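Asker: To start, I am sharing the structure in question, which I have written as structure tokens.
Computed from the coordinates by the stated procedures, all read-outs in this text should not be read as laboratory data. Bear in mind the structure is a predicted one, so any value in this text is a computation, not a measurement. With ideal geometry, Cβ positions are generated from the backbone for all residues, glycine too; neighbour counts draw on all protein chains shown.
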Amino acid sequence: MNTQEFKEKLSYRQLDGVLLDLYEDESLLDYQYQRYESAIDKFESLYGEGDFEIYTAAGRSEVGGNHTDHQHGRVLAAAINLDAIGIVRKRDNIIKVLSDDYDIPEIDLNHLEKVDSEEGTSVALIKGVVAKLKDLGYKIGGFDAYITSDVLIGAGLSSSAAFEDIIGTIIDGLYNDMAIDMVTIAKVGQYAENVYFGKPCGLMDQCACAVGGLITIDFKDPENPDVKHVDVDFGEFGYSLCIVDAKGSHANLTDEYAAVPAEMKAVAQFFGKDVLREVNLQDFLDHMDEVREKCGDRAALRAYHFFKENDRVPQEVAALENKDFPAFLNLVKASGNSSYKVLQNVYASSDPQHQSVSLALTLSEDLLGDHGVCRVHGGGFAGTIQAFVANDYVDTYKKGIEKYFGEGSCHVLKVRKYGGKKVL
């Protein structure tokens, strides 16, 4: 399709079916039409009129398995109806991307080697994705793209994973006929982030953003994670997924985040293992005194959280598959209580004066009453909370919580069936 034909379809609102299928929410149609119109206008101003294609990769929300993936545990995660979209056209041997207002330097496909000075940049992510796909034997090629994302940055919804996945999906669509499975796209994104970008991360974010829908992942074999769809329509239960931005800063929290896997690993090493997934719970309980003496009480608590949280994930999956939503909500609540009290990742121990997540959870519990449950979202310490709220109470909850954290701080989301996808 060319840009002028697409603009005509937008002006006559001929894409209702495509946008509803993708974003799951009729109330978002006006917003998405405006968003796509602005994106195609921007692409045309950058690269001119002509043929193009559109690709998407979703943001994600962790539903269960808080801080389990780095110990080769289980998680439950969902693609959400916030996404990155890319307006794209082929070109020879060069990748040129403008990402919202950020003008990323051109990448020459003859020079995909890792460059240390590029660590921490978008160039590193793009090069890492393309280099790994090439190493795996897939076709690669150049393109011009304008990418825009409404995945909230710093909110635990995986904006970086969505960016990595959309680059992989673009290469998949332009040069491989969408034949690359989305778990491979996720692994390639993780490789780019680990090796080229220089940030250690698990595979959960990339997998949830690429695969789509509600998925459970078992990382017992991290090189070959077991990814399964959970065939459930959240809408049938009459609840909405809300993410509340508690406005806390992630600055200076690296040590807090790093301490969680480090302390869990220390307990695993006490038993001669690399990760807690390899440790038996009863052995852990039988040697609690020695663990406390060797590793400390907080490490023991965090290990205990892992064992219980890892077992909760299949229970959550079973509850959803059995359509027992009250049981699922009770498990979400138990996960939140464990994260708060046992894992202890709702505020930074180095900065106890700032506890926005703790406050958001406390206020939400009072606001929700019997109308929903809440828990810390993502890595924790600052940022966002998650709430499952009865549909007929969403407006009340949104108005109540935004009184404390500001207008627009509560995002009402849908689980979408697609992760990485060619839209047009």
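Asker: Tell me the relative contact order for segment 235-413 as a rounded percent, counting alpha carbon contacts under 8 Å between residues six or more apart.
Answerer: Working: 250 pairs, mean separation 61.5, N = 179.
The normalised contact order for segment 235-413 reaches 34 percent.
Asker: What do you get for the angle between helix 325-338 and the principal long axis of the chain? Use alpha-carbon atoms, 0 to 90 degrees, nearest ten.
Answerer: Between helix and principal axis, roughly 70 degrees.
Asker: Along the charge dipole of the chain, pointing to its positive end and built from +1/-1 on Cβ of Lys, Arg, Asp and Glu, which listed residue (361, 50, 215) has its Cα farthest out?
Answerer: 361
Asker: In addition: Highest GNM mean-square fluctuation, the chain, Cα pairs closer than 10 Å: which of 365, 62, 316?
Answerer: Taking springs between Cα atoms under 10 Å, the residue moving most is 365.
Asker: Compute the FRET efficiency between residue 41 and residue 18 as 1/(1 + (r/R0)^6), taking r as their Cβ-Cβ distance and R0 = 22 Å, and round to the nearest 0.05. List each step's numbers first, then the result.
Answerer: Numbers: r = 19 Å, r/R0 = 0.85.
Calculated value: 0.75.
Asker: Now a separate question. May I ask which residue of 143, 38, 406 lies farthest towards the positive end of the charge dipole of the chain, with charges of +1 (Lys, Arg) and -1 (Asp, Glu) on Cβ and the Cα centre as origin?
Answerer: 406
Asker: Follow-up question, since we're still on this one. Could you state the per residue volume, in Å³, of the convex hull enclosing the Cα atoms of the chain?
Answerer: Working: hull volume 61.4 nm³, N = 424.
Dividing the Cα hull volume of the chain by its residues yields 145 Å³.
Asker: What is the distance in Å between the Cα centres of segment 182-235 and segment 262-304?
Answerer: Using only Cα atoms, the two centres lie 26 Å from each other.
Asker: What whole-number value in cubic angstrom gives the convex hull volume per residue for the C-alpha atoms of segment 235-413?
Answerer: Values: hull volume 22.1 nm³, N = 179.
Normalising the Cα hull of segment 235-413 by residue number yields 123 Å³.
Asker: Once both labels are modelled 7 Å past Cα along the beta-carbon direction, what's the residue 365-residue 273 spacing in nm?
Answerer: 3.1
Asker: If you take every DSSP beta bridge fully contained in the chain, what fraction is antiparallel? Give it as a percent rounded to 5.
Answerer: Values: 53 of 58 bridges.
Beta bridges within the chain, antiparallel portion: roughly 90 percent.
Asker: Toward the positive end of the charge dipole of segment 235-413, about the Cα centre and with charges on Cβ (Lys, Arg +1; Asp, Glu -1), which of 336, 348, 390 goes farthest?
Answerer: Checked the options; the winner is 348.
Asker: Shifting gears a bit: For residue 347, which sequence-distant residues (separation of 5 or more, or a different chain) have an amide H within less than 5 Å of its own amide H, given hydrogens modelled in the peptide plane?
Answerer: 381
Asker: Kindly express, to the nearest 10 degrees and within the range 0 to 90, the angle between helix 122-135's C-alpha long axis and the longest C-alpha principal axis of the chain.
Answerer: The helix 122-135 is inclined about 80 degrees to the chain.
Asker: Starting from the Cα of residue 5, step 7 Å along the direction of its Cβ; do the same at residue 286; then give the gap between the two resulting points in nm.
Answerer: Label at residue 5, label at residue 286, 7.0 nm between them.
Asker: Going by alpha carbons, how many degrees (0 to 90, nearest 10) lie between the helix axis of 159-176 and the longest principal axis of the chain?
Answerer: Relative to the chain, helix 159-176 is tipped by roughly 40 degrees.
Asker: Under 10 Å, Cα contacts only: if you run a Gaussian network model on the chain, which one of 239, 196, 47 comes out with the highest mean-square fluctuation?
Answerer: Per the Cα network of the chain with a 10 Å cutoff, 47 tops the list.
Asker: A follow-up question, please. Restricting to segment 72-145, compute how many DSSP beta bridges are antiparallel as a %, nearest 5.
Answerer: Taking every DSSP beta bridge within segment 72-145, about 75 percent pair in antiparallel fashion.
Asker: Another question, then. Which value, in debye to the nearest 20, describes the size of the charge dipole of segment 80-203 about its Cα centre when Lys and Arg Cβ atoms bear +1, Asp and Glu Cβ atoms bear -1, and nothing else is charged? Before the final figure, lay out the partial values.
Answerer: Details: 11 positive and 20 negative charges, 65 e Å.
Dipole about the Cα centre, nearest 20: 320 debye.
Asker: Dipole magnitude of the chain about its Cα centre, charges +1 at Lys/Arg Cβ and -1 at Asp/Glu Cβ only, in debye to the nearest 20? Intermediate results must be reported in sequence, preceding the final value.
Answerer: Values: 42 positive and 69 negative charges, 78 e Å.
In debye, rounded to 20, the chain gives about 380.
Asker: Evaluated at 10 °C with a viscosity of 1.306 mPa s, what Stokes-Einstein diffusion coefficient in µm²/s does segment 23-148 have when Rh comes from the Kirkwood expression over alpha-carbon pairs?
Answerer: Numbers: Rh = 16.9 Å.
Stokes-Einstein gives a translational diffusion coefficient of 94 µm²/s.
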